[in-house]
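Everything below concerns the one structure shown next.
Each reported figure results from applying straightforward, stated rules to the coordinates on display, with no laboratory input. Keep in mind it's a predicted model, so treat the numbers as computed, not measured. Note: ideal-geometry Cβ built from the backbone for every residue, glycine included; neighbour counts use all protein chains shown.
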Amino acid sequence: MKKISNILNRKKGFYITTPIYYVNSRPHLGHSYTTIAADVLARYHRLQKEKVFFLTGTDEHGAKIEKAAQETNRTPQQLCNENSKLFKKTWQNLNISYDNFIRTTNSNHIKAVQRVLQILYQKKFIYKGIYEGFYCLGCEQYKTKNDLINGKCPDHQIKPEIVKEKNYLFKLSRFGNILRKKITNNEFEIKPEERKREILGFLKKGLQDISISRQKIRWGVTLPFDKKHTVYVWLDAFLNYLTGLSWDGNPENLPKFWPPNLQLMAKDILRVHATIWPAMLLSLNIPLPKKIFIHGYFTIDGQKMSKSLGNVFRPEEMIEKFGTDATRYLLLSSCSFNKDSDISWERLFEKYNSDLASGLGNLVARIITLAVKTKNQEPRIKIKDQNLEIKKVIQSSWRNYKIFLNEFKFSEVLKEIWKLISFCDRYIEKERLWEKSKNQLSAIDDSLIILANIAQMLQPFLPETSEKIFRQLGIRLNGQEWCSKVRKEKILFPRI
Ligand code: MSP
């Protein structure tokens, strides 16, 4: 991993975050989806030569973690250490290129959180009062009556507890109007549109002050002005987006990468990210994130995947069966980014065999075999002689690629690349490339050029595969130059 200080010293650029994940569970496919998506964007922006900071990490305080530790006979800290390590390992196995992995039990993070709490208290945004409401432990969120279906939290299918306590409250109610304004005029952008409408609808009803401390919960950051209380886990968690950039809690001294250009998450945590989070920043006079993007859930048999429902799909199993790049491909292509998508092993196997083994893998093997047979005397390709029709097809592919990527439509971007793969297959058939003699090399050059573009498009999505294709083509990665001979290597995606 790069040294954080080196990255922070560079010029301002693209700052992207995932949520930090609760360590009461091991990483599942839902977490992996957000993280792979963020990784694709981070890699893409790096390839555009932007300075990128990509932050992820683990959320380690609160009642949920305390309970999970008790149930497994560990101390909360032990549980956090073990599970946080598992998240790191999974991200390594998925080739996630994060710049920092933040843990909320880091002492620097805790100090910064306490400093912020003290400021908010002094500024009278935090006050003592009585709070009564429903609390869902699964979400670690207060719920209104309207949020519940048959008295249960629809996401976790559990009855929330009724909490009535004397504790500290945050003046969230003050921020409803200003947030509505900032969201409406996209100063604080929420994407896609339907999610923005949903939040605006919620804000229209007005915001209420929220309880931000508990006496009963011991596993949390203590309030600096009342040591008997620990702070509500979300306030602690949100500040990771700042402390992850080595922030010390001083609002006058913000990190260079601030504010985030993009925060990715699923809809379960949009409401808190569009209310409590920006309200905290506004009360500290800190600029708001530029954009929040909400993606859909992975569902299994139509239900949200979650530990409490016991229907969890693990990334490790997928990596074991398909490999790293194939897992990245299968996840991003099976799910349309802003809708819920159902997955099953059967469909994943089908997709692996059709798109990766027969599609991409087969095309690479076919072209490289032909090129090795006919071109091994002449490794360099004459790009200037490129066929005009092919050039147009490639250009239009790149255009759509960029449009879809800017809209975070990952499955559409991949579809576009796969269209180019089928085009190339058809071209080989049409030109009957396998019959070409040594003096008819231009058609083979054309297919090599298409393949080089495919490899380039795949770079942020399937980084290892892209590198393998470049190597077989004899192209130096990141360079346009054909510098050595085309050579054949092992098959990319064996059929399963
Ligand atoms: N710790 C909080 C977030 C704090 S951020 C300041 C949290 N953690 S979580 O472990 O529950 O992870 C929530 C996030 O994981 C979701 O927003 C989403 O990004 C991802 N996913 C969890 N389940 C998912 C699916 N079934 N499908 C897709 N992504 C989902 O909430």
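A few points about this structure:
- Relative contact order (%) - the range 128-212, alpha-carbon pairs under 8 angstrom, separation at least six: 31
- Taking 20 °C and 1.002 mPa s as conditions, the chain diffuses translationally at an estimated 87 µm²/s according to Stokes-Einstein applied to its Kirkwood radius (Cα pairs).
- Stretchable slack from Phe349 to Asn185, in nm (0.36 nm times residue separation minus alpha-carbon distance): 54.6 nm
- A protection proxy built from the mean count of other Cβ atoms within 10 Å ranks the segments 159-167, 31-39, most packed first, as 31-39, 159-167.
- In this simple spin-label approximation, Lys228 and Trp398 carry label points 7 Å from Cα along the Cα→Cβ vector, and these lie 6.7 nm apart.
- Convex hull of Cα atoms in the range 157-224, direction-averaged projection (nm²): 7.2
- Formal net charge of residues neighbouring Glu187 (Cβ-Cβ distance under 10 Å; K, R +1; D, E -1): +2
- For Lys419, net neighbour charge (Lys/Arg +1, Asp/Glu -1) across residues whose Cβ lies under 13 Å away: -1
- Over the range 1-128, relative contact order from alpha-carbon pairs under 8 Å, at least 6 apart, %: 30
- Based on Cα contacts under 8 Å between residues 6+ apart, the chain shows a relative contact order of 15 percent.
- Within the chain, DSSP assigns beta bridges of which about 50% are antiparallel (rounded to the nearest 5).
- Full-extension gain in nm, Arg426 to Val312, via 0.36 nm per residue minus C-alpha separation: 37.0 nm
- Folded to 0 to 90 degrees: helix 362-375 orientation relative to the chain principal axis, Cα: 40
- On Cα atoms only, tilt of 324-334 relative to the major axis of the chain in degrees: 70
- Aspartates and glutamates whose Cα lies under 20 Å from that of Lys89, excluding same-chain neighbours fewer than 8 positions away: Asp39, Asp59, Glu60, Asp99, Glu316, Glu317, Glu320, Asp325, Glu464
- Stokes-Einstein diffusion of the range 40-165 at 20 °C, 1.002 mPa s viscosity, Kirkwood radius from Cα pairs, rounded to a whole number: 119 µm²/s.
- A Förster distance of 35 Å, applied to the separation of the beta-carbon atoms of Gln208 and Glu50, puts the FRET efficiency at 0.30.
- Cα-projected label distance for Asn106 with Lys89, points at 7 Å along beta-carbon direction, nm: 2.2
- For the range 88-236, the Cα gyration tensor yields ellipsoid semi-axes of 25, 24, 20 Å (square root of five times each eigenvalue, largest first, whole Å).
- Value of [θ]222 nm, deg cm²/dmol, for the chain, DSSP H segments ≥ 4, -39500 (n - 2.57) each, nearest 500: -13500 deg cm²/dmol
- For the chain, the longest principal axis of the Cα atoms and the long axis of helix 76-93 meet at an angle of about 20 degrees.
- Cα-based reach from Lys143 at 12 Å (exclusive), listing aspartates and glutamates while leaving out same-chain residues under 8 positions away: Glu132, Asp155, Glu161
- Inter-probe distance in nm under a simple model that places probes 7 Å from Cα toward Cβ, at Gln157 and Leu200: 3.6
- Among the trypsin sites (Lys or Arg not before Pro) found in the range 189-284, those both in a DSSP coil and sparsely packed, with 16 or fewer other Cβ atoms within 10 Å of their Cβ, are Lys205, Lys216, Arg218, Lys256.
- Applying 1/(1 + (r/R0)^6) with R0 = 41 Å to the Cβ-Cβ distance of Glu464 and Leu254 gives a FRET efficiency near 0.65.
- Multiplying the residue separation of Leu388 and Ser442 by 0.36 nm and subtracting their alpha-carbon distance yields 18.2 nm.
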